Ligand code: ASP
């Protein structure tokens with residue numbers, strides 16, 4: 001049995017609904033369907049979730065919201081009309097949104113979260129109704145009924161373990177089940193959404209909960225590419241990638257699959273296949289626990305901007321017990337999360353997302369490090385980008401780092417930092433943000449472009 005999740009671009013219009021229905025009907029194993037809210041129909045279209053956020057904003061300000069409400073309903077109406085379905089479902093959607101507004105109008109956070117969730121919720125009702133309209137035995141399943149229980153953190157929910165006791169019961173149900181992505185219910189009974197793009201998480205939770213044979217994630221590309229196709233023309237497609245590799249790539253900027261979505265399937269060892277709704281015959285990319293490395297130790301290259309680095313020097317730092325802990329404690333006190341901590345004998349750097357360091361926070365943090373840790377020197381470097389070279393085969397191949405540094409040297413990219421964890425599934429390079437594209441292209445040519453043909457020797 002397969003759990004198939006269709007992302008926003010796959011359910012953005014009536015034409016897309018038809019494609020999705022054909023995909024579902026083509027394979028009897030596609031029994032559990034998870035849908036996003038309608039996404040963009042064209043490049044500068046607005047996603048349903050963003051229309052709903054705008055609607056919540058107007059209500060919170062106490063302003064007239066007829067126009068925003070209308071835009072939301074029009075998107076659904078367009079789908080219903082083109083699919084020649086009964087108008088009744090539009091009335092149900094209007095009633096549903098109206099009741100959410102009157103229930104939560106005095107609680108802006110809840111209202112925002114409930115309205116966001118309604119995008120997928122109403123779209124799932126619509127998809128189930130459309131499948132019925134085509135003569136299929138299909139039903140809409142609310143996440144509470146499915147057993148998707150989450151922490152009560154609006155906009156950043158996390159799954160609660162008790163869900164995995166409830167979800168297996170879905171298997172007893174007949175027909176095709178359509179479940180809305182992106183939200184669950186807290187134990188207090190509130191609707192709570194995951195972070196943006198979180199329908200991937202719902203799909204993964206359902207797949208793990210029902211122990212599916214495969215979790216299919218339908219999107220709008222034939223496969224996941226080894227590098228961002230906006231940076232390199234026609235890059236290689238990844239046939240197979242491991243969970244660990246995918247996690248590293250998503251973290252560093254690959255947006256095809258939500259990085260939190262891998263955990264449930266990873267823990268239960270369920271393979272994921274990322275496929276194209278527009279071209280379902282394409283094999284797609286499989287995300288699995290193990291892959292044959294062969295002569296391709298590097299599977300992908302990712303890069304992301306928006307990092308900064310706090311660097312401290314202190315003579316005999318290596319002898320000072322507790323220095324690292326006290327340094328990180330200062331960041332913890334400010335609620336700052338860090339990404340990497342490359343270090344030397346008498347120095348340590350802490351790399352973090354720079355939006356966390358507002359001018360006031362920066363002043364406080366640097367001041368505390370200087371006075372409490374009595375460092376010799378402290379500096380901060382902003383506008384950094386991190387480039388990750390990812391591949392399970394790297395720990396058994398010699399010369400991967402050499403190739404990278406050689407490629408950077410040839411391309412004139414100055415390296416600010418290098419970090420490699422002992423797992424050797426990724427290597428991180430810090431460069432100036434404006435050198436990111438050049439750095440990624442240079443690495444891609446080194447590892448993937450046959451013209452530059454390289455060979456590695458294996459570690460004996
Ligand atoms: N609709 C939500 C968003 O745009 C969730 C999703 O599509 O996965 O973030």
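The values are calculated or read from the model by the stated rules, or taken from the named source; none is laboratory data. Given the structure is predicted, the values throughout are model-derived calculations rather than measurements. All Cβ positions, even for glycine, are placed from backbone atoms using ideal geometry, and neighbour counts span all protein chains on display.
A few remarks follow.
- Count of the stretch 199-233 residues which are within 18 Å of the chain's Cα centre (by Cα), farther than 16 Å from residue 10 by Cβ and at pLDDT 95 or above: 6
- Selection from the stretch 18-40 of residues that are assigned to a loop (DSSP other than H, G, I, E, B), within 14 Å of the ligand (Cβ to nearest atom) and either touching a strand residue (DSSP E or B) at 6+ places or on another chain (Cβ under 6 Å) or over 15 Å from residue 181 (Cβ atoms) (or both): 40
- Checking the stated criteria, residue 207 turns out not to satisfy the condition of being part of a loop (DSSP other than H, G, I, E, B) and buried (at least 23 other Cβ atoms within 10 Å of the Cβ).
- Close contacts from the stretch 11-40, counting a first residue that is over 23 Å from residue 170 (Cα atoms) and without any contact (Cβ under 8 Å) to a residue 12 or more places away in the chain and a second that is within 10 Å of the ligand (Cβ to nearest atom) and not in a strand (DSSP E or B), with Cβ to Cβ under 6 Å and a gap of 6+ residues or different chains, come to none at all.
- Test: residue in the stretch 86-95 that is in contact (Cβ under 8 Å) with a residue 40 or more places away in the chain, within 28 Å of residue 154 (Cβ to Cβ), surrounded by 14 or more Cβ atoms within 10 Å (Cβ to Cβ) and within 25 Å of the chain's Cα centre (by Cα): no
- For the stretch 137-193, the strands (runs of 3 or more DSSP E) that sit wholly inside it and include 2 or more residues that are away from the ligand (no atom under 16 Å from the Cβ) and touching a residue at least 60 places away in the same chain (Cβ under 8 Å) are 176-180.
- Lone unmet requirement of (1) surrounded by 20 or more Cβ atoms within 10 Å (Cβ to Cβ); (2) without any contact (Cβ under 8 Å) to a residue 40 or more places away in the chain; (3) away from the ligand (no atom under 16 Å from the Cβ) for residue 66: (1)
- In the set (1) surrounded by fewer than 16 Cβ atoms within 10 Å (Cβ to Cβ); (2) out of contact with any strand residue (DSSP E or B) (no Cβ under 7 Å at 6 or more places or on another chain), residue 403 fails one condition alone, (1).
- Checking residue 129 against (1) surrounded by 22 or more Cβ atoms within 10 Å (Cβ to Cβ); (2) closer than 21 Å to residue 95 by Cα, the condition it does not meet: (1)
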